[in-house]
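Each reported figure results from applying straightforward, stated rules to the coordinates on display, with no laboratory input. Here the structure is a predicted model, which is why all the values come from computation and not from measurement. All Cβ positions, even for glycine, are placed from backbone atoms using ideal geometry, and neighbour counts span all protein chains on display.
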Amino acid sequence: FFSAVNGDSTRRFHFIYNPTGCLFQPANPWHISRCGLVYNEVVYSRSIMKKRSLVVVVVLLAAQYASAMEIITLSKFQYGKRWAFTKEEVQLMCRPDHALYALNMSTLMQYPLNEKAELQRKAGQVHAQPIEVILLDDPERPGQKMSIAPFIERAQQLCVDKTTP
């Protein structure tokens, strides 16, 4: 492996062993095959290298943000009659700013559980729908929805778990 910088590009020269080198006739003019030894010259322009570096930085930042969020999966089986959602399973999420969301994994839709999350939804900062969309009607109180208080408490525990050492 040899690397050289020339003006606006970087050239890399590779010599790689290729056991089928004598039979292989490459269509690529940069790839020359010689009986077992492959010589390959790759030219990278600085703009392409900058774009690749930017992509790497963005991916690393996204991974760091995602790792800062705590997520837990809850199911109807766990809560029985207290289950408040039309979905069989939801995930609760606490974001770093303590905004709490219920997440439907089949549609990847978020539903705000607290005031911070609702304000983010209304401001268009997140792609979310109102929580009422997935709430069940309360059979004991006609005209009202099931309480989400136990789910808010559980989501708040995720925030506490994250902030305590």
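Extension gain for ILE152-THR107 works out to 14.1 nm (0.36 nm per residue, less the C-alpha to C-alpha distance). Here the 3J(HN,Hα) profile of the range 114-129, calculated from phi with Karplus coefficients 6.51, -1.76 and 1.60 at θ = phi - 60°, is 10, 5, 4, 5, 5, 5, 5, 5, 5, 7, x, 6, 9, 8, 8, 10 Hz, Gly and Pro shown as x. Computing FRET efficiency as 1/(1 + (r/R0)^6) for ARG141 and GLU115, where r is the C-beta to C-beta distance and R0 is 30 Å, gives about 0.85.
Fully extending the segment from THR73 to VAL160, taken as 0.36 nm per residue of separation minus the present Cα-Cα distance, adds 29.6 nm.
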